[in-house]
Structure formats: C-alpha cells, structure tokens
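Rule-based calculations on the coordinates, nothing more; no lab input. Quick caveat: nothing in here was measured; it's all calculated off a predicted structure. Cβ: placed from backbone, ideal geometry, glycine included. Neighbour counts: every protein chain shown.
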Amino acid sequence: QVQLVESGGGLVQPGGSLMLSCASTGNIFSTYVMGWFRQAPGKQRELVALVTSRGSANYPGTAAGRFSISRDYTQNAIYLQMNNLKPEDTATYYCSAGPMNTTGWVSWDYWGQGTQVTVSS
C-alpha cells in the first residue's frame, strides 16, 4: 500500500524559509517521479517541483530559484526547501508520486494529505 505523508508546513514571515518533507511507503520510491504541488484558495493546483527516479529536478512554475527539491533514497523521502518566501506562496502543499511514460508525461497516481504553508507578517 502506497502512502505519502507530508510534514513541515507552518506560518512564516515574508523572506523566511521552510523545509517540507514527504515520507513514502510502498514499493514506488525507486522508480516513480516524485513531486510537490500547491493549491491556494480559489486557484487550481499547480506543480511546483518534481524530481525523477534518477534525481533530475525540474521547476515548471514561478518557484525556480527560490525552491529546491531533493530526494533521499535511504529514507524514501523527498524534501522541498523553500527560501525567500512570499505571501503568494501561501497554499496547501501536496506531495505526489507517479510513473513517467516514454513521452515524459507523468501520471500522478498517489497523493498525500497536504500541509499548510502560510506566509504572512
């Protein structure tokens, strides 16, 4: 059974930092793409960062340069280091996992419950 459990969210002032963690169980970690999504109230869920099974990272959104995703194969976990946080980063952050097909498309099959990040003074 696959489970993804996020932790590390909280309240932080603008310009501050947070590190989110996602622990995974089940036999997926070594082969699946892992990623972080976020969803703010009234907005669509967006992909923040992903890391492939080989450790290649990609930041498709606006967080590039401020966020960093990493993958620990010994702990079956991924992390999202978030620096210079802005109020617009306020959202629920979700960990997700899924296989990548030959065209590079990822089927995000598994989701965590989410962790709230609030950036406010």
Low-density loop cleavage sites - chymotrypsin sites (Phe, Trp or Tyr not before Pro) in the range 58-121, where at most 14 other Cβ are within 10 Å (DSSP): Tyr73, Trp105
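For the chain, what relative contact order do you get, as a whole percent, if you take Cα pairs closer than 8 Å and at least 6 residues apart? Walk me through the numbers on the way to the answer.
Working: 301 pairs, mean separation 42.0, N = 121.
Relative contact order, the chain: 35 percent.
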Residue (of Gly9, Asn83, Ser70) at the positive-pole extreme of the chain, dipole from beta-carbon charges: Asn83
Inter-part distance where the range 75-100 and the range 34-69 are each reduced to a Cα centre, Å: 6
Integer Hz, Karplus 6.51/-1.76/1.60 couplings in order for the range 71-82, x for Gly and Pro: 9, 10, 6, 7, 9, 6, 9, 10, 9, 10, 8, 10
Bins of 5 Å, starting at 0 and running to the largest distance - Cα pair percent for the chain: 2, 12, 24, 25, 19, 11, 5, 1, 0
Cα centre as origin, Lys/Arg/Asp/Glu Cβ charges: the chain dipole, Debye: 140
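Let me know the shape class of the range 1-53, please: from the alpha-carbon gyration tensor, a ≥ b ≥ c as square roots of the eigenvalues, rounded when a/c is under 1.5, otherwise prolate if a/b is greater than b/c, or oblate. Please report the intermediate quantities before stating the final value.
Numbers: a/c = 2.12, a/b = 1.69, b/c = 1.26.
Here the range 1-53 falls in the prolate category.
Between Val5 and Ser120, what FRET efficiency comes out of the Förster formula 1/(1 + (r/R0)^6) with R0 = 30 Å and r the beta carbon distance, rounded to 0.05? Before the final figure, lay out each step's value.
Numbers: r = 25 Å, r/R0 = 0.84.
So, using R0 = 30 Å, E works out to roughly 0.75.
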